[in-house]
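Below: one structure, written as structure tokens.
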Amino acid sequence: MKAWLYFSSVVLIVLTGCANSQRELAEVSNARVTSVQESARPSPPPSAPAAMPTAFTPSTASPDHHHDVVLMAMAMMDRNYTYGGKKLNVGFDCSGFVSFVYQESVKKRLEGNSADQARQTLALPSGQERPGDLVFFNTTGAANSHVGIYVGEGRFVHAENERTGIRASRLDQAYWSKRFEGFRRVTQ
């Protein structure tokens, strides 16, 4: 229960920082009231334990703010996909999403498309990935043509396409596992 309350209050802070209009701020505030009322009940919301990976708990958060990146990425789910998009009010493509999340959550600039972002990051040996790292795929026949943010437990958040928008996917899904290129870390 404490982890759920911590998670919902942190997401609220992230969402409040993302609101770009009075209407969105009102929606966030209304969602907060509902969330606080639901979390005050004796049992947590039905989807809370399954939807909240262990990476979100304070005890496993890395000291270098990777948890901030993960929380921001999760807060952006269900936003619109727009090819070339890099702004909240327009929508995002995969590299625009990653750039926005890193800039807003940890004030780190990542420029360009997904291949450019791969060149700005450090390749990781297999098994060394952690939540907040970037995950790259070859989806067009070109190296590092798609990027997402790893959130733990074999999942990543990314701006997938115009139909699905920003969503979480599993690395072991056939489509993504066949196109996986590797994890990379954003360095200070």
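For residue 182, enumerate residues with amide H under 5 Å from its amide H, sequence gap 5+ or separate chain, H modeled in the peptide plane.
136
How would you rank 166, 149, going from fewest to most other Cβ atoms within 10 Å of each one's own Cβ?
On the way: 166 23, 149 28.
The order, fewest Cβ neighbours first, is 166, 149.
Rg(Cα) of the stretch 63-185 divided by 2.2 N^0.38 Å?
Dividing the Cα Rg of the stretch 63-185 by 2.2 N^0.38 Å gives 0.93.
If packing is taken as the average number of other Cβ atoms within 10 Å across a peptide's residues, how do 127-139, 104-116 rank, most packed first? Could you put the intermediate results ahead of the total?
Values: 127-139: 20.1, 104-116: 15.7.
Most protected by this proxy first, the peptides run 127-139, 104-116.
Work out from phi, with θ = phi - 60° and the Karplus expression 6.51 cos²θ - 1.76 cosθ + 1.60, the ³J(HN,Hα) of each residue of the stretch 80-86, listed in order in whole Hz, and give x for Gly and Pro.
So the J values, rounded to whole Hz, are 6, 9, 9, 4, x, x, 9.
Each reported figure results from applying straightforward, stated rules to the coordinates on display, with no laboratory input. Given the structure is predicted, the values throughout are model-derived calculations rather than measurements. Cβ sites come from the backbone with ideal geometry, for glycine too, and all protein chains shown count toward neighbours.
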